[in-house]
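The values are calculated or read from the model by the stated rules, or taken from the named source; none is laboratory data. In this text the structure is predicted, and so the values were computed from the model without any measurement. In this analysis, Cβ positions are derived from the backbone assuming ideal geometry, glycine residues included, and neighbour counts consider all displayed protein chains. In case anyone asks, the SASA skips ligands and DNA or RNA and just uses the protein heavy atoms, side chains included. Shrake-Rupley method; radii C 1.70, N 1.55, O 1.52, S 1.80 Å.
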Amino acid sequence: MRAIRPRLASRFAALLGLAPALAILVVVYVGCTAWTIWISMTSSRMLPSSNFVGLRQYEALFANERWQVSVGNLAVFGVLFMLVSIALGFLLAVAIDQRVRGENLLRSIFLYPFSMSFIVTGLVWQWLLNPTFGIEKMGRDLGFAAFRFDWIVRQDMVIYTLVFAAVWHAAGLVMAIMLAGLRGIDEDIWKAARIDGLPPWRVYLSVVIPMLGASFATASVLLATSVVRLYDLSVAMTNGGPGVASEVPAKFVMDHLFERGNLGLATAAATSMLITVAAVVGPWLYWQSRRTGRAHA
Amino acid sequence: MTKRCDVSIRGVEISFGAVRVLEKLDLEVAQSEFLVLLGPSGCGKSTLLNAIAGLIDVQAGKVWIGGRNVTWEEPKDRDIAMVFQSYALYPRMTVRGNMSFGLKVAGMPSAEIEKRVAAAAAMLKITELLDRRPAELSGGQRQRVAIGRALVRDAGVYLFDEPLSNLDAQLRAELRVEIKRLHHRLAATMIYVTHDQIEALTLADRIAVMKDRVIQQLGTPNEIYRTPANRFVASFVGSPAMSFVPGSYEVREGLPWFHAEGVAAPLQGYGFADRLQPGAPIELGVRPEHVEAGGDISAAIEMVEPMGSDQLAWLRLGKHPVSMRLSAEAVAAPGAPMPIRLPPDKLNLFDAASGRRL
Amino acid sequence: MTAPAESMRPAWPNSPAAPRALEPSGARPRRLNPARVGLYAFLAITALFFLTPLYVMVVTSLKELSEIRSGAILSLPLAPTIEPWIKAWSSACTGLSCNGISVGFFNSVAILVPSVIASIAVGALTGYALSFWRVRGSGVLFGALMIVAFVPYQIFIYPLVRVFAFVGINNSIPGIVVIHTIFGLPTMTLLFRNYFVSLPPELFKAARVDGAGFFRIFWSVMLPMATPMIIVAVILQVTGIWNDFILGLVFAGRENLPMTVQLNNIVNSTQGERAYNVDMAATILTALVPLVVYFASGRWFVRGIASGAVKG
């Protein structure tokens, strides 16, 4: 008996150690999600009500013009932001990997924006793109009287300015991930490729990029989550404007929760976001777990 | 597959920053020779191989391959092929893709590529693996593929950079035989880097033992084993290792003797290379299989290690441990006295200060 | 990183055409290579693009308002002044009150310190429990945490506001600390679990044989070994929590709004004419803490995003 008692005690202690995580998981992650989904199926407005209306809020949501704009914006932003960030980040990583001088300095320069908040990023770019005093004025002062760069106040172009700022913020992150991937490639592979007489671009295309699959996946998933979470940047840079031209779903939820007092619609929007994330992340997590499972086997 | 190039290294020096890695090194490798560069890690052997391949620039000196000065040539223009320790297979290509990719990029007609891949695969018995990916292969199979990728290049010189070090003992022995067979069959020039002295002894036509940026001794396996040029070579080559006893050189009644505390061994019959002053400090080295039982040097058994085919007895000779090979049937008990004889013609004597063979 | 640089993969050398007059010997002659020039040009231009916003922030914050209106955005200040910085720190207006961004700074510090400690403590404990102790269902717990790392906050916000109001910690420092602990849990757990999993299990077994229990092993054996991970976690959490906007806005309460929220209020809810120089000074002040952490931590920062954020 005496041999068993400390084991039982330890087992209990282990459960005690996991208690905070378990509580958070059950109360916050599961409980709150369920609550939100439940509200999204009621006719709640300012105050929660328990009047079940099925998917009526979702119908209203997808008929809502502002939501449509938000979703469209998110799609445009998401695709462009991810493509440009990954392309630029990869190119930067490859360039830095050519044994250039000042590697540490360059790396710091490309990554520092990532350490700052989206609020700071948004405000800086708001200032740079300000048509009255910013880049447009600079162009005109240089003698190009017809120079125009007023995207930030144009409804049809404002979303691209968000892409601009976000790429500046995140390309360094992609670079860091890719650089880690490149440095992880066996040196002998490069030697073998040189003895095979492969030109460098060919090695990157046929050998290296296929080997960096995991890095590309990681970068994509990270960027994709920040796309869905996109909120601060839109608030700071344009506050959704001009008009509703740079609204995004996360902002739609927040505004309807706290300013417009429409809980039903807000939670329906939040639930839609959750479903989108699940559609992106689910397959990736599955793939990851299979990969690590294979690696352990 | 008929090209066989000779390789000539002339006064090559290499430094990494302030660290000198190779010191003014000369080395000639004949056509169809199997040369092994043997040494502990950090001795510069891999660096030398990389320099021959053109993967590392030399700071001074020249590299000639097949009668051509290739010092400034790209690796692909040096008529070489190379096999790496980590296999360095392209992970996302099939075995066939790995073997043919270099040729394809070089613009060789695909019929010729097919032919070469098939021939190399047959030679290495990997034909049924051609459509698999490296991740699906065992270590031994991967290294066969890597060797295959080198073979299809039909090069004048084949370079091996510790190709078997990542494999377990049994596979290592198996592939060692395979490589030796390959060399017989192709009669190609091969330069092979390893830190494993058994590999060196079994494979090489000639071995270059390296340490501290220079070649310590260059010779056939037999020469290296029997007449090591210095104490380092003697201790590095051979397993179980040579035993060493420090002592001094004495002359008694006109005959040379080795003398240490509690030990006196006659040296008449030893092929001295130098003239020694009596009393000179020297070190005696003897291999376990050369220690003979039943002489007039007294020693005692301390411990016996059965090794299957034979036994290794650890003796105490004066103050120093000496190992001795015994047949598996011999009866040896720890603590028993064991008089021995040290045959002078099989001994090795080294200068105590410089370690040079005397 | 320890291998001498030259043993790394060699840079692609230059075209093989070498002067044939002298016999090739020694190192290959180096010549100016157009690809190399292009490479450096690309890096230089991109570096300029990345640095411009920082530069513009700094010069704008040092200019008089009149100079901003007349001059160019990229020009250096003619008469540098630190007036905007003083104003931004102590008297810029956020809505009705005009106490500068210093209020937000101290709020952020008050939120940051307990939040970093609490989130790392809970994360480290959870990561430890999930790595060495075979508690039933721990795999499910870990998987669930990983999934949650990706879920947008908007899903949780309304119920959490209600729960916190019920418990009585909404709009307070304890409330926002709990929030940061909750949302830091997945990343922190992952960070520490991955680290503990990489340690030799014999270490844990030896401690068990010595008779140490769950908390004793955690406190005396594992935490001291996890120092590098703690540094990484501190870097991640300090920058993450300092840069947070949405959680502070919703949960901290009017009195405790963090610096990012105050900054946004100063810049975006000004009535009448905007003082761009003060705005930029306030922006730099807000960015200062994470920037200092970033430049001071160097490789640790990269390691942080590589081992924490990247996998989670």
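Things to note:
- The range B:42-82, residues that are more than 9 Å from chain A (Cβ to nearest Cβ) and either among the β-branched types (Val, Ile, Thr) or in contact with a His (Cβ under 7 Å, 6 or more places away or on another chain) (or both): B:Thr47, B:Ile52, B:Ile56, B:Val58, B:Val63, B:Ile65, B:Val70, B:Thr71
- The listed residues are A:Val253, A:Val281, A:Val235, and the only one of them that is part of a helix (DSSP H, G or I), modelled with pLDDT under 90 and facing another protein chain (nearest Cβ under 10 Å) turns out to be A:Val281.
- For the range B:202-216, the tally of residues that are crowded, with 20+ Cβ neighbours inside 10 Å and part of a strand (DSSP E or B) stands at 6.
- In the range A:73-89, of all residues being in contact (Cβ under 8 Å) with a residue 40 or more places away in the chain and open to solvent by 30 Å² or more (accessible area, probe 1.4 Å), the one that is farthest from the chain's Cα centre (by Cα) corresponds to A:Leu88.
- Boolean, B:Asp345 is assigned to a strand (DSSP E or B), open to solvent by 60 Å² or more (accessible area, probe 1.4 Å) and not basic (Lys, Arg): no
- Filtered residues of the range B:311-358 (kept if among the hydroxyl-bearing types (Ser, Thr, Tyr) and out of contact with any Asp or Glu (no Cβ under 9 Å at 6 or more places or on another chain)): B:Ser354
- Taken as a whole, the condition of being more than 7 Å from chain C (Cβ to nearest Cβ) and touching a strand residue (DSSP E or B) at 6+ places or on another chain (Cβ under 7 Å) applies to A:Gly264.
- Of the residues in the range B:305-317, none is in contact with a strand residue (DSSP E or B) (Cβ under 6 Å, 6 or more places away or on another chain), among the acidic types (Asp, Glu) and under 17 Å from B:Pro343 (Cβ atoms).
- Subset tally (residues that are at the interface with chain C (Cβ under 7 Å from one of its Cβ atoms) and surrounded by fewer than 24 Cβ atoms within 10 Å (Cβ to Cβ)) for the range A:90-107: 5
- Top-ranked residue in the range B:276-297 [being small (Gly, Ala, Ser) and surrounded by 12 or more Cβ atoms within 10 Å (Cβ to Cβ); ranked as modelled with the highest pLDDT]: B:Gly285
- Enumeration of residues in the range C:196-229 that are hydrophobic (A, V, I, L, M, F, W, C) and surrounded by fewer than 17 Cβ atoms within 10 Å (Cβ to Cβ): C:Val197, C:Leu199, C:Leu203, C:Ala206, C:Val209, C:Phe215, C:Trp219, C:Met225
- For the range A:222-232, taking the residues that are facing chain C (nearest Cβ under 7 Å) and in a helix (DSSP H, G or I), the one that is farthest from C:Leu263 (Cα to Cα) is identified as A:Leu222.
- Candidates in the range B:7-24 are the residues that are touching a strand residue (DSSP E or B) at 6+ places or on another chain (Cβ under 7 Å) and away from chain C (no Cβ under 11 Å); of these, the one that is most open to solvent (accessible area, probe 1.4 Å) is B:Lys24.
- Filtered by the rule that a residue be within 8 Å of chain C (Cβ to nearest Cβ) and not aliphatic (A, V, I, L, M), the range A:13-38 gives A:Gly17, A:Pro20, A:Tyr29, A:Gly31, A:Cys32, A:Thr33, A:Trp35, A:Thr36.
- Flag if A:Leu179 is within 12 Å of chain B (Cβ to nearest Cβ), open to solvent by less than 20 Å² (accessible area, probe 1.4 Å) and within 28 Å of B:Ser46 (Cα to Cα): no
- Counted residues, the range C:30-80 - those being farther than 19 Å from C:Asn277 by Cα, within 7 Å of chain A (Cβ to nearest Cβ) and part of a loop (DSSP other than H, G, I, E, B): 0
- Flag if A:Val207 is of a type in the set (Val, Ile, Thr), open to solvent by 40 Å² or more (accessible area, probe 1.4 Å) and over 24 Å from C:Phe50 (Cβ atoms): no
- Complete set of residues in the range A:130-161 that are of a type in the set (Asp, Glu) and within 15 Å of A:Pro242 (Cβ to Cβ): A:Asp150, A:Asp156
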